[in-house]
Structure formats: structure tokens, C-alpha cells
Amino acid sequence: MKDLRSLTEQEMIETASALGEKAFRGRQLFEWVHGKQASSLEEMTNLPAKFREKLKQDYIISGVSILKKQVSRKKDTAKYLFSLEDGNVIESVWMKYRHGNSVCVSSQVGCRMGCTFCASTLTGLARNLTAGEMLSQVYEIQRETGERVSNIIVMGMGEPLDNYDNLIRFIRLLSCEGGLRISQRNITVSTCGLVPEIRRLMGEGLQITLAISLHAPNDEIRRQTMPIAKRYSMDEIMEACRDYFQATGRRVTFEYSMIRGVNDREAHAEELARRCEGMNCHINLIPLNEVRERGNKRSREEDIRRFKLTLERYHKNVTIRREMGSDIDAACGQLRKKYLNQTERNPEEVKL
Ligand code: SAH
């Protein structure tokens with residue numbers, strides 16, 4: 001079965017005509033699937049029953065269903081544990097800000113990048129998500145909260161650039177005229193630094209923000225926590241980022257998770273500042289979310305503050321990520337891991 005939610009308007013028009021219908025039927029179908037976020041063909045009452053019957057033979061509308069929702073004490077963050085049609089489990093996070101609501105979307109079930117501080121990668125990669133499954137996370141959260149989502153960050157489970165084609169399709173569907181029409185400028189894609197795909201991305205003509213998970217000021221430290229650093233050097237990444245800015249005019253964000261005794265010394269801040277000299281970039285310091293299965297510790301608060309001040313001395317644009325939802329396991333992959341651990345022990349009864 002194919003997934004209607006992953007199809008563009010043009011593809012729906014082609015699908016309609018292949019089934020003997022006029023082009024406008026394809027447009028109506030698109031309006032149902034992405035404009036109204038319909039979850040079944042039955043809802044599409046202005047489409048001929050015959051057309052819907054034919055569609056049913058080859059297509060489904062992929063969805064996600066809520067297994068668990070955890071809301072933070074301040075009620076400004078909610079974490080959703082979703083199950084997919086095939087029983088796989090993913091997570092997404094909803095965050096309420098003054099300037100609008102954000103959803104943090106997963107791009108894969110698990111991840112194969114192996115970063116040593118991250119929970120998403122503990123059980124490896126199960127599979128890629130389809131564009132429809134990425135959209136479903138947003139559609140379902142919007143339906144469930146009854147509030148409009150205006151920002152998307154692809155920073156949930158998975159490495160988005162390891163699922164390149166589905167990611168691009170997702171971004172185009174998310175921002176297109178007949179869909180949710182989320183501005184591309186409000187979409188951020190975070191990558192551990194797959195250089196060929198970053199280069200490919202700059203040619204797509206998108207206005208999204210690219211965030212790079214740097215987490216180190218040099219290759220030696222980066223290789224200790226990020227296996228991908230053995231494949232691509234920081235020089236290659238920085239060069240790709242400079243070119244990305246040249247090609248798109250979009251300022252790149254560097255994410256830097258602060259791990260005690262590993263990457264948080266003043267000398268590291270100085271080295272980082274030098275590496276991004278003359279670059280139009282923004283550095284986001286993330287206090288590490290400690291993951292039980294991983295040994296790493298979060299940097300001390302005074303070290304994080306000093307790191308920030310050092311970067312500012314070099315005139316770098318830097319923020320410390322506001323912590324939302326650390327009381328609800330909102331760090332990547334933590335909630336799913338807990339769920340998987342419990343199903344292993346007691347598959348009959350799962351309580352989080
Ligand atoms: N694969 C993508 C998206 C991953 S998640 C990437 O690597 O960018 C988004 C960010 O959270 C990444 O910067 C990731 O390195 C970081 N991250 C993962 N686990 C973390 C943890 N336990 N504490 C703090 N940041 C973490």
C-alpha cells in the first residue's frame with residue numbers, strides 16, 4: 001500500500017487521472033489530505049464514491065496514534081510517544097512560546113549515527129520515516145492541542161540528512177500553498193554533519209535554517225563523542241556551512257551540547273570562536289541532558305556561563321538553550337528508550 005499523505009499535489013493529480021478522474025479531483029484530494037488533514041477517505045464526501053473505492057485498493061493515509069502524552073509542570077511543553085502503523089514507536093515534542101508553537105519532529109525510527117551522549121541511537125536504526133509520517137506528527141499534535149503550529153524543528157529522533165528525499169518532500173509539503181503553509185524560515189533542520197547532503201541541500205532553493213551539531217571545537221574532541229567526525233572533518237563542515245550561507249543567505253546555527261570535562265573549558269570556547277571567525281552564525285549552547293545509559297555529565301552552570309562570555313568576547317552570537325521539559329524526558333530518544341525498556345521487561349503492561 002502507498003501513503004497518500006506523502007504525495008504532492010501534482011502526484012495526486014496524476015493519481016486521479018490514472019484512475020480515470022479529472023485533474024480537479026486530484027486537487028480536491030490534496031485539499032482533503034493536506035488542507036483539512038483528513039485521516040480517512042470516508043471524510044472526503046465531495047469525492048465520488050467510485051474514486052474513493054479505487055483509491056482504497058492501493059492507498060492508505062498514514063497516521064500516528066498517541067501512546068502516551070507527558071506534560072511538563074509549567075504546561076509549556078508536551079512530549080508525545082506515537083505508534084506508527086507498523087507498531088514502531090517514535091516521539092515528538094510540542095513547545096509553547098510567546099511567538100508561537102513549535103513541534104520537534106522525528107525523522108527516523110532510531111538512528112545509526114552513534115553519538116555517545118544521545119539516547120536515540122542506543123538501539124540503532126530501525127527504519128526511515130516517510131514524509132507522511134513526519135507530517136502526521138505535526139497534524140496530530142495540532143489536532144490534539146487545538147492550536148496552530150508555526151515552527152518546526154527537525155531535532156527529534158534520527159538524522160534527517162540520512163533520510164534526505166523524504167525530508168525534502170516533508171519540508172515542501174509542510175510549506176506549500178495547500179498545506180499548513182508553515183514558512184520555510186520557521187523550519188530548522190539539525191544534522192550531525194553529513195557534508196555531501198549539506199551540499200546537496202544548498203541547491204534545493206529552500207529558505208530553511210540549517211543547524212549543525214558541532215559539540216566540539218576540534219576533530220580530536222569531536223571524534224570522542226561523534227563517530228561521524230571520523231568521516232568528515234570540521235574543516236569540511238565549516239567550509240560547507242560557509243557555502244551554505246553564500247548559496248541561501250541563511251545564517252547557520254551551531255549546536256554545542258556541554259559535557260563536563262570534555263568540551264567545556266575556556267580554551268575550547270576560544271578555539272571554537274576562532275574556527276567560526278568571519279562567519280555569519282549563531283551558537284546555541286545546550287546543557288547536556290544526562291542519559292542514564294550514557295556516562296556523560298552535564299557541564300557546571302558556571303562553566304556554561306563562562307563559555308558563553310568567552311564566545312561573546314570574540315563577538316559571537318550565542319545563546320544558552322532554554323530548558324523546557326527536562327522533567328518529562330524531552331531529550332532525544334529518552335521517552336522511547338524508557339518505553340522500549342519496559343516493554344522488554346513486561347510486554348503486557350506498559351506504564352510510563
Ligand atoms: N541527528 C540530528 C538531530 C538530533 S537531535 C543531529 O545530530 O543534529 C538534536 C540535537 O540534540 C543534536 O544537536 C544532538 O546532538 C543533541 N543531543 C542529543 N542527545 C542529547 C543530550 N542527551 N543532551 C543534549 N543534547 C543532545
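For the pair M1 and R172, label points projected 7 Å from Cα toward Cβ lie 2.5 nm apart. Built from the Cα atoms of the stretch 204-313, the convex hull projects on average onto 7.4 nm², one quarter of its surface area.
Is the stretch 100-212 rounded, prolate or oblate when judged by the Cα gyration tensor, a ≥ b ≥ c being the square roots of its eigenvalues, rounded requiring a/c under 1.5 and prolate requiring a/b larger than b/c? It is oblate, given that a/c is not under 1.5 and a/b is not larger than b/c. Summing Lys and Arg as +1 and Asp and Glu as -1 over all other residues whose Cβ lies under 9 Å from the Cβ of S62 gives a net charge of -2.
Taking only protein heavy atoms and a 1.4 Å probe, the accessible area of the chain is 45% carbon and sulfur. Where does helix 266-275 land angle-wise versus the long Cα axis of the chain, in degrees 0 to 90, nearest 10? It works out to around 60 degrees.
Annotation: extensible slack from Y314 through E293 equals 3.9 nm (criterion: 0.36 nm per residue apart, minus Cα-Cα distance). Judged by the mean number of other Cβ atoms found within 10 Å, the most tightly packed of the peptides 132-138, 9-15, 67-73 leads the ranking 132-138, 9-15, 67-73.
Comparing L174, V154, I208 along the charge dipole axis of the stretch 146-282, the residue lying farthest to the positive side is L174, per the Cβ-charge model.
Let a ≥ b ≥ c be the square roots of the eigenvalues of the Cα gyration tensor of the stretch 111-171; is it rounded (a/c under 1.5), or, if not, prolate (a/b larger than b/c) or oblate?
Prolate, since a/c reaches 1.5 and a/b exceeds b/c.
Computing FRET efficiency as 1/(1 + (r/R0)^6) for I66 and D219, where r is the C-beta to C-beta distance and R0 is 45 Å, gives about 0.60.
Once both labels are positioned 7 Å from their Cα atoms along Cα-to-Cβ, the gap between S183 and E302 label points is 4.2 nm.
For the chain, the per residue solvent-accessible surface stands at 45 Å², with DNA, RNA and ligands left out and a 1.4 Å probe. The local environment of R181, defined by Cβ-Cβ distances under 14 Å, has a net charge of +1 under the rule Lys, Arg +1 and Asp, Glu -1.
Summing +1 for each Lys or Arg and -1 for each Asp or Glu, what net charge is found among the other residues whose Cβ lies under 15 Å from the Cβ of Y164? My count for the surroundings of Y164 gives +1.
Over all pairs of different C-alpha atoms, the chain has a mean inverse distance whose reciprocal, the Kirkwood radius, equals 21.3 Å.
On the basis of the beta-carbon distance and an R0 of 56 Å, K230 and A49 show a calculated FRET efficiency of 0.45.
The values are calculated or read from the model by the stated rules, or taken from the named source; none is laboratory data. In this text, all values refer to a predicted model and were calculated from it rather than measured experimentally. Note: ideal-geometry Cβ built from the backbone for every residue, glycine included; neighbour counts use all protein chains shown. When the accessible area is computed, the model is the full protein with side chains, heavy atoms only, and any ligands, DNA or RNA have been set aside. Shrake-Rupley method; radii C 1.70, N 1.55, O 1.52, S 1.80 Å.
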